[in-house]
Amino acid sequence: MSLLEMIISGNFATLILVAGILVMLSSNRLFERQTNTNFILLCLVIIILDFADILDFYFSSQVGFSSLRFVTSAIGYILRPLAIVMITRILLRNHRFSTILWVPLLIEMVLVSTSFFTHLVFWFSDDGYFMRGILGYTPHLVSAFFLIVLSVFTIKGSKSIAHSELVTVVFIIIIGIVATLLESFGSFKFLISGAMAVSCGIYYVFFTLRTYRYDVLTAAFNRKSFFDDASLLLSQNFVLVSADLDGLKVINDTKGHSAGDLALKALASSMKNAGGKKFRIYRTGGDEFMAIGKNCSAEEASMLVENAVIELRQSALMASFGIASFKPGDSFDAACNVADMHMYENKSAHKAAF
């Protein structure tokens with residue numbers, strides 16, 4: 001196999017996959033703007049890394065040393081951990097990525113970019129052989145650091161992140177580690193950029209599928225998910241919680257729809273925090289939410305309502321709640337009506353109090 005054939009066979013799928021993701025992202029209106037931007041940046045990082053690896057592989061096959069090989073190697077060392085950072089930012093959504101976490105990457109960038117003169121990380125002999133400096137494993141340690149950071153954020157978010165996303169991120173971490181080990185201690189080429197392209201594609205597919213299960217504004221499950229999930233639980237005991245935000249029209253009229261959106265997010269967040277892993281939260285209408293607690297009691301549902309109300313009051317908001325229990329043989333529609341009836345009774349009590 002010729003050199004050109006080896007390069008094409010090793011990189012064609014990677015580049016086509018990333019290019020295809022970029023094409024879909026260019027017209028994507030389903031993701032939040034920041035998520036879309038992070039995906040685009042990740043794709044660009046992978047493309048640049050792959051071309052740097054291609055050029056590095058080409059220069060390594062030539063007789064003697066080309067100074068351009070130092071540039072391609074430096075780019076590869078810097079972009080590998082940066083790609084992990086971008087995946088972490090996608091996982092975090094709109095949460096802040098601490099400035100302190102950028103420090104290891106900045107230090108590595110300085111060490112790698114000056115190694116042409118200092119030989120601290122790497123250099124090349126006159127014959128073109130790669131030589132590792134006394135800090136030669138710094139890029140590997142930085143990549144390992146960011147994999148640990150990604151793992152920590154995954155574990156910390158396990159209570160609020162969907163199980164399917166946790167599985168996706170864990171898979172990305174595993175294939176990243178395997179590809180890094182094979183490239184670092186074996187004679188394999190183009191594995192890391194390929195693994196990153198696959199990771200990006202898998203994560204993109206997850207987010208695309210997620211939009212059909214989740215409400216875009218609140219990140220709660222949507223109305224379709226509510227009825228789909230309920231249909232699978234009709235042979236089990238579960239409890240329903242109906243919720244409706246109080247005064248949404250007043251908020252929209254006096255403070256604007258952006259304030260109303262924040263209020264809806266607050267209600268969804270309070271119910272998620274109060275329900276934990278026992279309850280699944282759904283947005284079934286404009287300001288209407290439902291929660292399903294599989295094998296949960298009415299007392300546990302009451303605790304959800306109590307804790308959600310406490311959290312909402314911290315934002316000067318209020319919602320009305322109703323609870324209904326379901327057991328096999330009951331009518332699901334009737335149970336929903338009972339929960340709604342109790343919710344409207346609670347809303348009437350709130351209006352009477354004010």
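The values are calculated or read from the model by the stated rules, or taken from the named source; none is laboratory data. Please read all numbers here as calculations on a predicted model, not as lab measurements. Backbone-built Cβ (ideal geometry, glycine too); neighbour counts: all protein chains shown.
Being outside any loop (DSSP other than H, G, I, E, B), in contact (Cβ under 8 Å) with a residue 12 or more places away in the chain and within 27 Å of the chain's Cα centre (by Cα), is that true of even one residue in segment 123-136?
No: zero hits.
Pull up segment 158-194, narrow it to residues that are surrounded by 16 or more Cβ atoms within 10 Å (Cβ to Cβ) and without any contact (Cβ under 8 Å) to a residue 24 or more places away in the chain, then point me to the one that is farthest from R89 (Cα to Cα).
So the residue we want is E183.
Take F190 and decide whether it is among the aromatic types (F, W, Y), closer than 30 Å to M131 by Cβ, in contact with a helix residue (DSSP H, G or I) (Cβ under 9 Å, 6 or more places away or on another chain) and assigned by TED's automatic domain parsing to the domain that holds N38. Before the answer, list the steps.
Working: among the aromatic types (F, W, Y): yes; closer than 30 Å to M131 by Cβ: yes; in contact with a helix residue (DSSP H, G or I) (Cβ under 9 Å, 6 or more places away or on another chain): yes; assigned by TED's automatic domain parsing to the domain that holds N38: yes.
The answer is yes for F190.
Please tell me if F207 is surrounded by 13 or more Cβ atoms within 10 Å (Cβ to Cβ) and at pLDDT below 85.
Values: surrounded by 13 or more Cβ atoms within 10 Å (Cβ to Cβ): yes; at pLDDT below 85: yes.
Judged against the criteria, F207 is a match.
Among the residues of segment 309-323, is any basic (K, R) and closer than 23 Å to T211 by Cα?
Taking segment 309-323 first, the residues basic (K, R) are 313.
Those left that are additionally closer than 23 Å to T211 by Cα: none.
No, because not a single residue in segment 309-323 is basic (K, R) and closer than 23 Å to T211 by Cα.
Restricting to segment 48-66, what's the tally of residues that are farther than 17 Å from M196 by Cβ and either of a type in the set (S, T, Y) or crowded, with 16+ Cβ neighbours inside 10 Å (or both)?
The number of residues fulfilling the criteria is 7.
Any idea which of (1) of a type in the set (A, V, I, L, M); (2) out of contact with any Cys (no Cβ under 9 Å at 6 or more places or on another chain); (3) farther than 28 Å from E108 by Cα is the one I78 doesn't satisfy?
(3)
Listed here are the residues, each with its yes/no results for (1) modelled with pLDDT of 90 or more; (2) in a helix (DSSP H, G or I); (3) more than 15 Å from F321 (Cβ to Cβ).
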{"site": "F227", "(1), (2), (3)": "yes, yes, yes"}
{"site": "L234", "(1), (2), (3)": "yes, no, yes"}
{"site": "D244", "(1), (2), (3)": "yes, no, no"}
{"site": "T254", "(1), (2), (3)": "no, yes, yes"}
{"site": "L262", "(1), (2), (3)": "yes, yes, yes"}
{"site": "S270", "(1), (2), (3)": "yes, yes, no"}
{"site": "A274", "(1), (2), (3)": "yes, yes, no"}
{"site": "I281", "(1), (2), (3)": "yes, no, no"}
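Report every pair of residues separated by at least 6 positions or lying on different chains whose Cβ atoms are under 7 Å apart, first residue within segment 195-220 and within 24 Å of E288 (Cβ to Cβ), second charged (D, E, K, R).
Matching pairs, first to second residue: D215/R283; L217/D261; L217/K265; T218/K265; T218/R283; A220/R283.
Only one of (1) in a helix (DSSP H, G or I); (2) over 30 Å from D215 (Cα atoms) fails for G20. Which number is that?
The one condition G20 does not meet is (2).
Residue-by-condition table, conditions (1) closer than 16 Å to A220 by Cβ; (2) under 32 Å from the mean Cα position of the chain (by Cα):
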residue: L240; (1), (2): yes, yes
residue: V250; (1), (2): no, no
residue: K278; (1), (2): yes, yes
residue: Y282; (1), (2): yes, yes
residue: E299; (1), (2): no, no
residue: R313; (1), (2): no, yes
residue: K327; (1), (2): no, no
residue: M343; (1), (2): no, no
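Within segment 48-62, track down each residue that is more than 22 Å from Y203 (Cα to Cα) and either of a type in the set (D, E, K, R) or not in a helix (DSSP H, G or I) (or both).
D53, D56, S61, Q62
Output the number of residues of segment 312-348 satisfying the condition of being charged (D, E, K, R) and without any contact (Cβ under 8 Å) to a residue 24 or more places away in the chain.
Qualifying residue count for the region: 4.
Within segment 213-225, how many residues are under 18 Å from F332 (Cβ atoms) and either in a helix (DSSP H, G or I) or in contact with a Leu (Cβ under 9 Å, 6 or more places away or on another chain) (or both)?
3
Within segment 28-47, take every residue that is in a loop (DSSP other than H, G, I, E, B) and hydrophobic (A, V, I, L, M, F, W, C) and give me the one that is surrounded by the fewest Cβ atoms within 10 Å (Cβ to Cβ).
Filtering segment 28-47 for residues in a loop (DSSP other than H, G, I, E, B) gives 28-32.
From the residues that got through so far, the ones that are hydrophobic (A, V, I, L, M, F, W, C) too are 30-31.
Details: L30: 12, F31: 19.
Per the criteria, the residue is L30.
Give me the pairs, please: first residue somewhere in segment 52-74 and under 19 Å from T138 (Cβ atoms), second residue anywhere and modelled with pLDDT of 90 or more and hydrophobic (A, V, I, L, M, F, W, C), beta-carbon distance under 6 Å, and either six or more positions apart or on two chains.
Sorted first by the residue in segment 52-74, then by its partner, the pairs are A52/I75; T72/A52; T72/L55; A74/V112.
Among what's in segment 164-215 and is under 21 Å from F51 (Cα atoms) and among the hydroxyl-bearing types (S, T, Y), pick the residue that is nearest to the chain's Cα centre (by Cα).
Only one residue fits best here, namely S199.
From the list V23, V121, which one is farther than 18 Å from A195 by Cα and buried (at least 16 other Cβ atoms within 10 Å of the Cβ)?
Values: V23 fails: buried (at least 16 other Cβ atoms within 10 Å of the Cβ).
Going through V23, V121 in turn, the sole match is V121.
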